[in-house]
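All remarks here apply to the structure that follows.
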Amino acid sequence: MPPRRDADFMDVDSDSDVSLPEDVRGKGKGKAKAGRKKDKGKGKAKDTQPYTWEASYTRSWETVQEDEAGSLQSAVEDWLARGRRKRLLNPATPIRRTIIRHLMLLLDLSSAMLDRDMRPTRFDLTLQYAREFVAEWFDQNPLGQIGVVGMRAGVGERVGEMSGNPQEVLGYLKERHKLEPTGDPSLQNAIEMARSSMSHLPTHSSREIVIIYGSLTTCDPGNIHETLETCMKDRIRISVVALAAEMKVCREMCDKTGGHFAVAMNEGHFKDVLFELVPPPAQHASAPRIISNSAGTGTGSTPADLIMMGFPTRLPDASPPSLCVCHSDLRSDGFLCPRCLAKVCDVPTDCDICGLMIVSSPHLARSYHHLFPVKQYEAVMSVEADAALACHACARPFPTAISATVTDGLSPWARYQCPECKQDYCSDCDIFVHDVIHCCPGCGK
Amino acid sequence: MADSRGSHLSVVLDLSPSQWHLSAENPPTNPFPLSLSSFLSQLLTFLNAHIASKHENSLAVFGAFPRKSILLYASSNTPTSDDTMDANWFPPFRQVDFTVVRRITEELDSLEGASEDEAPTALVGALTKALCYVNRIMQPPAQAIAKPSDKVDLSTLPEPHILILSVSPDLATSYIPIMNAIFSAQKLKVMIDVCQIYGEDSVFLQQAAHLTGGSYILLERRDALLQYLIMCFLSPQSIRQTLSVPTQDRIDFRAACFCHKNIVDIGFICSVCLSIFCQPVPVCSTCRTKFPMKTLQRLNASRPASANVSNRPSPSPAQSRPAVTSTNGDTPRSHGLSELPSTSSINAHTRTASNGTKSS
């Protein structure tokens, strides 16, 4: 498939080449141009051999195969099966996850971001995805905080302080003209700045840096490996999404701090790899943590801690207006801190008067499903005579005929059974229950 | 704007026999009695009104019985033609009325021989099923998936909302599943309306209605049920903006601690699993994490202040609890005092509920 497409492409290209420039330029020049084009075409054909960092990425659109009837049904089923197997790898037992996250988003604002290899430009795309990332991140990590640092003209530039309010963080990323790319980026300066703005955090909180990096160079005042050492000591997890190519120093930073490194290949892939950083990371005694412990950070051997939090009283919209302590605005709605009764505009936040962390119970509850996952359903391989006729959740009738193409991990009867309540569910409900509701309709937990 | 978008209504009925028995009791204890049969006749009128208001409207009815939940009626399922058609009865109406009443009678009859102490109703199961059903009808038909070339017109999909008619008090163990259901409803953009027909305010269902943009009503005049249903809950989401349906803006956002199920103002949270405790504990009971001594000492030192806050009649319960008595014509009582019993009664409820589940 790809070679043929390339050939088509060449035809079109050379057509336009021949018709236009031959009139304008000399004959020889036109020939030379055509020759060069041909070389380029050859280069392209070689390009099908992937680069090393592309190797792990499968081109999903090429794996889709139509069956004899021209239908994509088998491909869709195959895709479903793969999703199921992937989910089965997730442990069903409660695992520790870092729930209260602190993240610094480092945006490359160097001139390399003006490159147009991603449409419309790397910069515009990055801004757009960063906004979507922030919204999704706060949806899944309601107790987290995000700060933004830009890298341009050789310095790190604080775009926004760390904040737990999505609207505030989105506000930082809204003003495009303030973030106009220029100059060279400096990884070291920006990481140092991010590190210092997270230095005050208590030991139990997680610290993460996510870097979106478009440049292939960094312009640092000192030795970046020393910065890396201090980051490891501070247990900062660094993840990098590179837009151009793999840089050794970036890869090393991610590997040593337990982060995630990825090179975005196109617009869609960029979004995929960035959004992989949204769910809270599982907490385990990984190698980097052991190293940093043995290096003698000492104090915080257990990252867990008990935190005091207040559940505020929400004032009704019709209450008499009063000044809030956070913006000194006169407004009627708001939340009262349970300890000092100060009025704040939005939760979750830290009370500006007494410093108590104020959350509302839905914020806490939003994270519980990470901790108490639903048991995986088992694929039903044989059906007894008295089995239910329809899905227990959505009442869709099950197919009576056995599916001809059975892929590994899929039930031929399209039935999936909960190990607890022994009810059968259809594949749509299986996905919906595990991905969205996080609660089994049969057993109610 | 004349659109061909129907609306889908999923009704979740709480059919706890003991609560309905209490609701039907006579005036001295219960000023406005409502029996299950008169409730059903008013409900069926409401369901018929929903079907009649637009041809595209669809309906599903879920019943929550003790320990089990079932789908009572769904308009998408093929009709069972075991009943004789009545020439004087609009067929869809007859279909709904007949099926719902028959299924409820069957289920309640099968409960006859059950033990004395009744298990709590499976409201969570019914709500989750309602969401699965909404998810099913909101998906484009199967042939559209098989042929991606066909453009699926999203505007023809129905507009879903869920109505919960509850009579039971909150169940502490169902807090997390109900919260999960609320968040998935938010994701599906489903509005959840709640009508608490009998008993006290349900804190969980109040949050459900508030977080999904629906309305919550604690029914005071139970004899006017049909009027409430039609005036408040019949209209779909898009029309609500122009109608003025009652919303509540006093919602309790406090949480119950995991150790004693007390409702707390200031809690102590495990940083690993977010379990809530009402006092500093050395080891998390959920994830077995040990907490450092230093924080325990620090928190214990700062605790007297917080203990005072939770002991005195703080203004928070008064402001966060809806003023239940205000429209009853009672003489207005001082808030701080009148509202304290309601908080303690919730504690009592949750405690008995948790005991009940342990014994069962």
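The values are calculated or read from the model by the stated rules, or taken from the named source; none is laboratory data. Model, not experiment: these values are computed from the prediction. No Cβ is skipped: glycine too gets one built from the backbone with ideal geometry, and neighbour counts run over all protein chains shown. Surface accessibility is based on the protein's heavy atoms, side chains included, excluding ligands, DNA and RNA. Shrake-Rupley method; radii C 1.70, N 1.55, O 1.52, S 1.80 Å.
Once amide H atoms are built 1.01 Å from N in the peptide plane, which residues 5 or more positions from B:S7, or in another chain, come under 5 Å H to H?
B:N57, B:S58, B:E159
With +1 on the Cβ of every Lys and Arg and -1 on the Cβ of every Asp and Glu, and nothing else charged, how large is the dipole of region A:374-445 about its Cα centre, in debye rounded to the nearest 20? Provide the component values of the computation, followed by the final result.
Numbers: 5 positive and 9 negative charges, 30 e Å.
Roughly 140 debye, rounded to the nearest 20.
With labels modelled as points extended 7 Å from the Cα through the Cβ direction, what inter-label distance (nm, one decimal) is found for B:T247 paired with A:A245?
In this crude label model, B:T247 to A:A245 measures out at 5.5 nm.
So how do A:410-416, A:379-385 stack up, highest first, on mean other-Cβ count within 10 Å? Don't skip to the end; give the middle numbers.
Numbers: A:410-416: 21.4, A:379-385: 12.0.
Put in order of decreasing packing, that is A:410-416, A:379-385.
Explain nothing, just compute: Karplus ³J(HN,Hα) = 6.51 cos²θ - 1.76 cosθ + 1.60, θ = phi - 60°, for every residue of region B:211-217 in order, whole Hz, x for Gly and Pro.
6, 9, x, x, 10, 10, 10
Could you derive backbone 3J(HN,Hα) for region A:427-436 from the dihedral phi with the Karplus parameters 6.51, -1.76 and 1.60 (θ = phi - 60°), listing whole Hz in sequence and x where the residue is Gly or Pro?
Couplings: 5, 4, 5, 4, 5, 5, 5, 7, 8, 10 Hz.
Return the long-range amide H neighbours of B:K68 (sequence gap of 5 or more, or a different chain), with a cut-off of under 5 Å between placed amide H atoms.
Those lying under 5 Å, H to H, from B:K68 are B:A122.
If you average 1/r over all unlike Cα pairs in region A:197-252 and invert the result, what Kirkwood radius do you get in angstrom? Intermediate results must be reported in sequence, preceding the final value.
Values: mean 1/r = 0.0789 Å⁻¹.
12.7 Å is the Kirkwood radius here.
Report the accessible surface area buried between chains B and A, summing both sides, using a 1.4 Å probe on protein heavy atoms only, in Å² rounded to the nearest 100.
Values: alone 19470 and 24890 Å², together 39160 Å².
In total, chains B and A hide about 5200 Å² from solvent.
Taking the DSSP beta bridges in region A:309-368 as the whole, what percent of them are antiparallel, to the nearest 5? Present the calculation step by step, with values, prior to reporting the outcome.
Values: 9 of 11 bridges.
About 80 percent, rounded to the nearest 5.
Any idea which of A:G222, A:I209, A:F261 is furthest toward the positive side of the dipole for region A:205-279, if Lys and Arg beta-carbons carry +1 and Asp and Glu beta-carbons -1?
Result: A:I209, furthest along the dipole toward the positive end.
Using the Karplus curve 6.51 cos²θ - 1.76 cosθ + 1.60 with θ = phi - 60°, what ³J(HN,Hα) values do you get for each residue of region A:246-262, in whole Hz, with x for Gly and Pro?
These are the phi-based 3J(HN,Hα) values: 6, 10, 4, 5, 5, 4, 5, 4, 5, 4, 6, 9, x, x, 10, 10, 8 Hz.
Roughly how much of A:M113 is accessible, in Å² to the nearest 10, using a 1.4 Å probe?
0
So the label point goes 7 Å from the Cα of A:T217 along Cα→C-beta, right? Which residues of region A:124-141 then have their backbone N under 12 Å from it?
none
Using the beta-carbon distance between A:E136 and A:H225 and R0 = 35 Å, what value does 1/(1 + (r/R0)^6) give for FRET efficiency, to the nearest 0.05?
Numbers: r = 33 Å, r/R0 = 0.95.
Computed FRET efficiency for A:E136 and A:H225: 0.60.
For region A:374-445, what does the relative contact order come out to in percent, with C-alpha contacts under 8 Å and a separation of six or more? Display every interim value, and only then the final one.
Numbers: 101 pairs, mean separation 26.5, N = 72.
Taking the mean separation of contacting Cα pairs over the length of region A:374-445, I get 37 percent.
Give me, ordered by chain and number, the residues 5 or more places off A:V263 or on other chains with an amide H under 5 Å from its own placed amide H.
Those lying under 5 Å, H to H, from A:V263 are A:A242.
Averaged over A:429-437, how many beta carbons belonging to a partner chain fall within 10 Å of each residue's beta carbon? Walk me through the numbers before you get to the answer.
On the way: counts 7, 0, 1, 9, 5, 0, 2, 10, 13.
Shielding by partners across A:429-437 averages 5.
Rounded to the nearest whole Å², what accessible area per residue is found for region A:309-368 with the 1.4 Å probe?
Numbers: 2330 Å² over 60 residues.
Per residue, region A:309-368 has an accessible area of 39 Å².
I'd like the mean, over residues of B:123-129, of how many other protein chain beta carbons sit within 10 Å of each residue's own Cβ.
Working: counts 1, 6, 10, 2, 4, 12, 8.
The per-residue average across the peptide is 6.
Taking each residue in A:372-378, count the Cβ atoms of any other chain within 10 Å of its Cβ, then average. What number comes out? Intermediate results must be reported in sequence, preceding the final value.
On the way: counts 5, 0, 2, 0, 0, 0, 0.
Taking the mean over all residues of the peptide, I get 1.
Quick one: accessible surface of B:I230, probe radius 1.4 Å, all protein chains present, in square angstrom to the nearest 10.
60
Rounded, prolate or oblate: which fits region A:93-275 when a ≥ b ≥ c are the square roots of the eigenvalues of the alpha-carbon gyration tensor, with rounded for a/c under 1.5 and prolate only if a/b beats b/c?
Details: a/c = 1.39, a/b = 1.16, b/c = 1.19.
Verdict is rounded for region A:93-275.
Would you check the accessible area of A:T218, probe 1.4 Å, heavy atoms only, in square angstrom rounded to 10?
Ignoring ligands and nucleic acids, A:T218 comes out at about 50 Å².
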